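The values are calculated or read from the model by the stated rules, or taken from the named source; none is laboratory data. This one's a predicted model, so the numbers in the text were calculated from it and none came from an experiment. Because the Cβ atoms are built from the backbone with ideal geometry, glycine has one as well, and the counts that use them run over all protein chains shown.
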Amino acid sequence: MNKENIKILVVDDEEGILDVTECFFERKGYQVYTAGNGEMALDIVNREKIDCIFTDINMPVMDGLELAEQIRHIDSTLPVVVMTGYPSLENTIQTLKNGVVDYLIKPVKLEQMELTLRRVLRERELFVENLILKEEVERRERLHQLNNDLVKKVEEVNTLNRVMEDFAALNSSYEIFNKVVRLSVEELKADLAFFHVYSQQDSTLILVDKAGAENKKHPAAYSIDIPEQEKAFIIESLGNDHTPCLIKDAVGIPSMKGQVNSFMVAPLKIRDKIFGIVSAYIFQEPRFFGEQDIYYLSFITQKAASSIEHIALYENIYENLFSTLFAFVSALEVRDLYTRKHSTRVARLAQLIAEEMGCSEEELDMINVAGSLHDIGKIGIRDDILLKPGRLTEDEYEKIKEHPAIGADIISTLGLWDRESQIIRHHHERFDGMGYPDGLKGKQIPTLARILSVADCYDAMASDRAYRKKMDKEVVLDIIIKNSGTQFDPDVVDVFLQVADQDLPDDF
Ligand SMILES: [Fe+2]
């Protein structure tokens with residue numbers, strides 16, 4: 001810093017001292033400001049960028065110590081040097097307390113003042129540099145920490161999302177058990193993980209699945225199942241509150257000593273009851289599970305528990321609904337001696353054709369539901385029309401034709417079988433577009449509906465009806481062949497003929 005850029009302020013109530021000091025420092029090339037009292041001094045400090053202040057202690061209005069104190073509030077780095085005639089210990093302590101950096105004893109030698117000035121300016125420079133440096137370091141540390149926190153958070157959210165997606169795609173409890181142990185190994189880097197079902201009755205653990213990291217040597221005791229002694233310890237660890245638990249070392253548990261470095265257990269609870277227990281292990285390695293791992297494990301088990309509950313609930317609702325609806329269909333068929341078991345046979349034949357055509361498991365399930373319930377819409381048709389032994393009038397026939405749409409409506413309002421309801425709606429469409437209710441043509445008709453149509457017509461002709469005896473199998477097959485390409489999809493008819501060629505079940 002050049003001298004001409006350095007601004008010093010001298011505060012004294014003795015004008016003579018101010019003049020001499022001003023003259024001396026100006027000659028040396030400094031910019032000098034003078035003030036006769038504290039208030040004037042504060043005014044200058046607020047206006048100018050002062051680098052150092054020399055002040056007398058005993059002054060009217062405001063003494064030097066109070067001035068130093070006020071300046072500290074304005075700028076804590078601005079050095080204040082006090083000049084006093086009567087240095088006492090008490091005075092000295094007070095000056096330092098008020099943030100004064102140095103004091104000079106009157107009468108003050110001007111050269112000494114300049115030396116002090118240079119020293120305090122150098123100290124201030126260092127102090128400010130340090131402060132900036134410190135702030136910079138702190139800022140960097142804070143940024144680094146923030147960045148780390150953010151990366152961790154993102155990783156955490158990704159892991160949780162992955163876990164959620166993984167569970168959403170599962171359809172059975174066994175898949176869920178397997179997913180739990182695999183996630184423990186893949187996400188939590190466990191060397192080995194077990195899933196045991198917990199038997200409430202006798203407080204035992206029954207192994208249902210396990211997973212281990214490849215290329216990790218598992219102690220012999222863990223190669224089949226965890227030792228019995230340890231199972232008791234696991235149940236005990238969960239305690240009365242059944243909360244997940246993390247054990248960093250296994251000291252004190254004889255079966256684990258020297259084999260397990262770190263392990264954790266989490267219960268899988270359904271409606272507050274322990275259904276199963278997951279345990280995850282790290283073997284002889286300088287590595288431990290941390291708080292984050294137990295958090296993930298408990299998230300995984302909670303997710304698994306709700307998936308299992310959801311599947312059980314869904315299966316239950318599904319089964320219940322299906323049996324209720326099927327009971328309706330059976331009740332309908334029972335009223336008409338001739339259509340008894342028609343839907344069951346149609347469902348079975350449609351499944352056989354679908355299987356031969358290479359349909360997936362899911363489609364086979366769909367055609368079973370749709371086939372079993374395809375005539376459920378007949379619930380909405382009056383008995384005198386439905387059970388009429390003779391020929392139907394045109395109006396009556398129109399009424400009968402409403403049954404696919406009524407059936408599809410009943411099924412689709414349940415929200416569970418949208419695709420099945422479409423198959424039901426279109427089971428009376430014709431390949432040439434002359435069918436009902438929508439007059440769909442060719443491949444516009446859902447494949448499974450085209451299959452169902454063949455199965456339905458075959459069974460209707462091959463069984464006794466109120467108005468005629470059943471026809472011979474050959475005659476029926478002939479009729480179906482003749483209508484291939486018009487009423488029926490020729491591809492379905494080809495496959496159907498292969499199925500019919502083999503021995504059809506007794507019912508057919
Ligand atoms: Fe029908």
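Here are some notes:
- Among the residues of the stretch 19-31, the one identified as of a type in the set (A, V, I, L, M, F, W, C) and surrounded by 19 or more Cβ atoms within 10 Å (Cβ to Cβ) is 25.
- Filter result (surrounded by fewer than 21 Cβ atoms within 10 Å (Cβ to Cβ), touching a residue at least 24 places away in the same chain (Cβ under 8 Å) and closer than 16 Å to residue 422 by Cα) within the stretch 348-363: 363
- Where residue 462 falls short, out of the listed (1) buried (at least 18 other Cβ atoms within 10 Å of the Cβ); (2) modelled with pLDDT of 90 or more: (2)
- The residue list 82, 10 contains one member that is over 21 Å from residue 127 (Cβ atoms) and assigned by TED's automatic domain parsing to the domain that holds residue 116, which is 10.
- Among the residues making up the stretch 180-209, those that are buried (at least 17 other Cβ atoms within 10 Å of the Cβ) and more than 21 Å from residue 290 (Cα to Cα) are 196, 197, 198, 205, 209.
- Odd one out for residue 441, checked against (1) out of contact with any helix residue (DSSP H, G or I) (no Cβ under 8 Å at 6 or more places or on another chain); (2) within 30 Å of residue 311 (Cβ to Cβ); (3) of a type in the set (Lys, Arg): (2)
- Of all the numbered requirements in (1) without any contact (Cβ under 8 Å) to a residue 60 or more places away in the chain; (2) of a type outside the set (D, E, K, R); (3) buried (at least 21 other Cβ atoms within 10 Å of the Cβ), residue 326 misses one, and that requirement is (3).
- Reported count of residues in the stretch 281-301, each being crowded, with 16+ Cβ neighbours inside 10 Å and not hydroxyl-bearing (Ser, Thr, Tyr), is 8.
- Taking the stretch 407-422 as the range and being hydroxyl-bearing (Ser, Thr, Tyr) and either assigned to a loop (DSSP other than H, G, I, E, B) or surrounded by 14 or more Cβ atoms within 10 Å (Cβ to Cβ) (or both) as the test, the residues that pass are 412, 421.
Residues are listed down the side, and each one gets a yes or a no for (1) more than 16 Å from the ligand (Cβ to nearest atom); (2) without any contact (Cβ under 8 Å) to a residue 60 or more places away in the chain; (3) assigned to a helix (DSSP H, G or I):
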{"residue": "365", "(1), (2), (3)": "yes, yes, yes"}
{"residue": "369", "(1), (2), (3)": "no, yes, yes"}
{"residue": "372", "(1), (2), (3)": "no, yes, yes"}
{"residue": "397", "(1), (2), (3)": "no, yes, yes"}
{"residue": "405", "(1), (2), (3)": "no, yes, yes"}
{"residue": "427", "(1), (2), (3)": "no, yes, no"}
{"residue": "432", "(1), (2), (3)": "yes, yes, no"}
{"residue": "436", "(1), (2), (3)": "no, yes, no"}
{"residue": "443", "(1), (2), (3)": "yes, yes, yes"}
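- Test: residue in the stretch 33-49 that is in contact with a Phe, Trp or Tyr (Cβ under 9 Å, 6 or more places away or on another chain) and at pLDDT below 90: no
- Boolean, residue 198 is farther than 17 Å from residue 284 by Cα, among the aromatic types (Phe, Trp, Tyr), in the same structural domain as residue 275 (by TED's automatic domain parsing) and out of contact with any Lys or Arg (no Cβ under 8 Å at 6 or more places or on another chain): yes
- Residues in the stretch 423-444 that are surrounded by fewer than 24 Cβ atoms within 10 Å (Cβ to Cβ) and of a type outside the set (D, E, K, R): 428, 433, 434, 435, 436, 437, 439, 440, 442, 444.
- Of all residues in the stretch 374-387, those that are part of a helix (DSSP H, G or I) and within 11 Å of the ligand (Cβ to nearest atom) total 3.
- When 358, 390 are screened for being within 20 Å of residue 465 (Cβ to Cβ), assigned by TED's automatic domain parsing to the domain that holds residue 495 and either away from the ligand (no atom under 16 Å from the Cβ) or part of a helix (DSSP H, G or I) (or both), only 390 passes.
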